Amino acid sequence: MQKLFLLILPAFLLAAGAKSEPDYDILARTINFLLFAGILYYLIANPIKNAYKARIEGIDKNLSQARKKIEEARAKEEFAKSKVAKAKEDATRLIETARIEARQLTTKIERDTQASLISMYDSYEEQKEFTRRASTRKIVSDVLEEAFSDTSIKISEQGLVDLIKKKVS
């Protein structure tokens, strides 16, 4: 360890710098630094201020664009919400209209069916009456033909009427 100390000792002695006169160089260095800082400020201050202002304006511009986009998005959202609400109202109205139309069609079909059934029943009754009359005519015609074709039978008018009544009933 002693050897190491002897080896490092000259480095410490040389670094100590033994001067006998005082060091007044600090005043000149301070003045030079202040001049350097002043020149540096004079040369760099405006570009730095301009860059800072440009950066602030850029950020402000981006912020205003973002706000504008947000407002547009909100407006679109409100528009879409109003369209959805209107579509729901329209759908409700259409459903109600469809229900009303379905009820009306149902009643119309029921009325038409009822009228058709009544018409068919009336037609059936008329056909039945027509058939009854036709059969009555045929029977009367057959009886009269039979009565007039046979000469041996002499029937009075009253007898003929009674005979027709028997055949009809």
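Coordinate-derived values only; no laboratory data. Since this is a predicted model, take the numbers as computed values, not measurements. All Cβ positions, even for glycine, are placed from backbone atoms using ideal geometry, and neighbour counts span all protein chains on display.
Between Ile118 and Ala66, the contour length at 0.36 nm per residue exceeds the alpha carbon distance by 11.1 nm.
The angle between the Cα long axis of helix 2-16 and the main principal axis of the chain comes to about 90°, on a 0 to 90 degree scale. Against the chain, whose longest principal axis comes from its Cα atoms, helix 25-149 is set at around 10 degrees. Going by neighbour counts of Cβ atoms within 10 Å, the residues Met120, Met1 line up, fewest first, as Met1, Met120.
Candidates Leu163, Thr30, Gln114 compared by Cα position along the dipole of the chain: farthest toward the positive end lies Thr30, with charges placed on Cβ.
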